[in-house]
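Quick notes on the structure that follows.
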Amino acid sequence: MSRTLNENTSNELHRTLCDLLVLSEADDCLLCDTGGYVLAREGDGDHDPYQMAALGAGVYGASRELARLLGEREFNVVLHQGTQKSIFICAVHADALLVIVFSQNASAGLVKLYAKPAAVAVRALLEDARRLAMEAEDLAGHPLVLNRAGPLFRAGP
Amino acid sequence: MSFVNFKKKEVQLKIVYYGPGMSGKTTNLQVIHRMINPTARGDLTSVATSGERTLFFDFMPLVAQAFEGYETRFQLYTVPGQVIYNLTRRLVLRGVDGMVFVADSQWSKMAENAESLANLADNLALQRERLGDIPCVLQYNKRDVPDATPLHYLEYLLNNRDVQLPTFNAVATTGEGVFETLNMIARLVLHRFLAVNKHKEDGVRELVLV
């Protein structure tokens, strides 16, 4: 079964992530799952969200395995600090992550402080979305029509 | 697990290139990146060792108009083929929608091909999936090597099953067979996406264009 987000859930996620950006003074915020799918993105960063999600999910997965080596269930957060930009990754639930990009003007403490309640709010929204999908409510009225005009991908311009 | 965002009108699907070390998985993505229209792809990201062996994965998003009114993003990944990186392969396989198994046609690589295919089945089982249930295409790569294994032997070794997987001969370094493989796995993934969601709800339907 596919994971789906309907318009209402997307709008709620938008609001939650925008609030997080304002409060934490971060630049960019991405919600992705541990398979690397981009579920939502807010912010003014010019990074490719699909690459951010793939690498963010990979980094988090690797850190979880490191935690297990040390006898921990998982590390709650992953933080990479650079001179200009930093990345903060935390789990929303077992298979979704918040990836937050912030500059040196913001503080890691502030990001961590506001990421936690945002993760709780996002978790509730994703659980609602999952329930709706199980009840097959949100696919109704969204017919997907397959194009069959030749191969999808071709070499050349 | 595919992902549909109805507000953005976007479908995301994940395809993983699997196979033994040095079989040509990264080369497949490099050739697609080089040959496809740049508007249809994002950057190719490689997390590799200094010796250019894949350490974590390669990643490249492709965009297609597979569904009317929707943007369909195929996220292409490779796994590291070396035996020691099995944990990494498991991470990359999470949420996979379709797979390309890139086999090396050299005689000396037959044991590695068989071992890697068995490893794929084992890793899928850990996430409660089966090889026969997820779309998969076999690519017999390096068909230009002097000691290329006969195709019937490759079929016997890797495709000996009740429902055979689609196969393509390839010389990935020249691009031969690369797009044929990609288009087949993309189609299979789309058909499964529709089939799985149809079981759940009639809201997803298929229309044959004439």
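Where only protein heavy atoms count, and the probe is 1.4 Å, what is the accessible area per residue for the protein assembly as shown in Å²?
45 Å²
Near the amide H of B:ASN169, within less than 5 Å, lie the amide hydrogens of B:TYR140, all on another chain or at least 5 residues away, with H placed in the peptide plane.
Looking only at A:PRO117, A:PRO49, A:PRO143, which one moves most when chain A is put into a Gaussian network model with springs between Cα atoms under 10 Å? Comparing A:PRO117, A:PRO49, A:PRO143 in a Gaussian network model of chain A, the most mobile one is A:PRO143.
The distance separating the Cα centre of the range A:109-130 from that of the range B:1-72 comes to 29 Å. Close amide H contacts of B:LEU55 (hydrogens built in the peptide plane, cut-off under 5 Å, sequence separation of 5 or more or a different chain): B:VAL47, B:ALA48, B:THR49.
Can you give the Kirkwood hydrodynamic radius for the range A:7-134, in Å, rounded to one decimal and based on Cα pairs? The Cα-based Kirkwood calculation yields 14.7 Å. With a 10 Å cut-off around each Cβ of A:3-11, the average count of Cβ atoms from other chains is 4.
The long axis of helix B:25-35 is offset from the longest Cα principal axis of chain B by roughly 60 degrees. Charge dipole of chain B (Cα centre as origin; +1 on each Lys and Arg Cβ, -1 on each Asp and Glu Cβ, all else neutral): 560 debye, rounded to the nearest 20.
Shape class for the range B:94-151, computed from the alpha carbon gyration tensor (a ≥ b ≥ c): prolate, with a/c not under 1.5 and a/b above b/c. Averaged over the residues of peptide B:91-97, the number of Cβ atoms from other protein chains lying within 10 Å of each residue's Cβ is 5.
Which percent of the Cα-Cα distances in the range B:3-200 go past 27 Å?
Value for the range B:3-200 (Cα pairs over 27 Å): 26 percent.
Within the listed set B:LEU76, B:LEU120, B:LEU55, the Gaussian network model of chain B (springs between alpha-carbon atoms below 10 Å) gives the highest mean-square fluctuation for B:LEU55. Taking Cβ atoms as reference points and 11 Å as the exclusive limit, the residues near B:GLY81 contribute a net charge of +1, counting Lys and Arg as +1 and Asp and Glu as -1. Accessible area buried by the pairing of B and A, both sides summed with a 1.4 Å probe, works out to roughly 5100 Å².
Residue-normalised convex hull volume from the C-alpha trace of the range B:1-65: 109 Å³ per residue.
For A:THR4, the residues 5 or more places off, or on other chains, whose built amide H falls under 5 Å of its own are B:VAL4. Remark: the protein assembly as shown carries a charge dipole of roughly 300 debye about the Cα centre, counting +1 on each Lys and Arg Cβ and -1 on each Asp and Glu Cβ. For chain B, the mean residue ellipticity at 222 nm estimated from helices alone is -10000 deg cm²/dmol, where every DSSP H run of n ≥ 4 contributes -39500 (n - 2.57) and the total is divided by all residues, rounded to the nearest 500. For the options A:LEU20, A:LEU98, A:LEU79, a Gaussian network treatment of chain A with springs between C-alpha atoms closer than 10 Å singles out A:LEU79 as fluctuating the most. Each residue of the range B:164-178 was assigned a 3J(HN,Hα) from its phi angle through the Karplus curve 6.51 cos²θ - 1.76 cosθ + 1.60 (θ = phi - 60°); the sequence is 6, 7, x, 10, 9, 7, 8, 10, 4, 4, 9, x, 5, x, 6 Hz, with glycine and proline shown as x. Inside 10 Å of the C-beta atoms of B:172-179, what's the mean count of C-beta atoms belonging to other chains? Across B:172-179, the average partner-chain Cβ count within 10 Å equals 1. Mean projected area of the convex hull spanned by the Cα atoms of the protein assembly as shown, taken over all viewing directions: 19.3 nm².
The values are calculated or read from the model by the stated rules, or taken from the named source; none is laboratory data. Keep in mind it's a predicted model, so treat the numbers as computed, not measured. No Cβ is skipped: glycine too gets one built from the backbone with ideal geometry, and neighbour counts run over all protein chains shown. Calculation scope for accessible area: heavy atoms of the full protein, side chains included, ligands and nucleic acids excluded. Shrake-Rupley method; radii C 1.70, N 1.55, O 1.52, S 1.80 Å.
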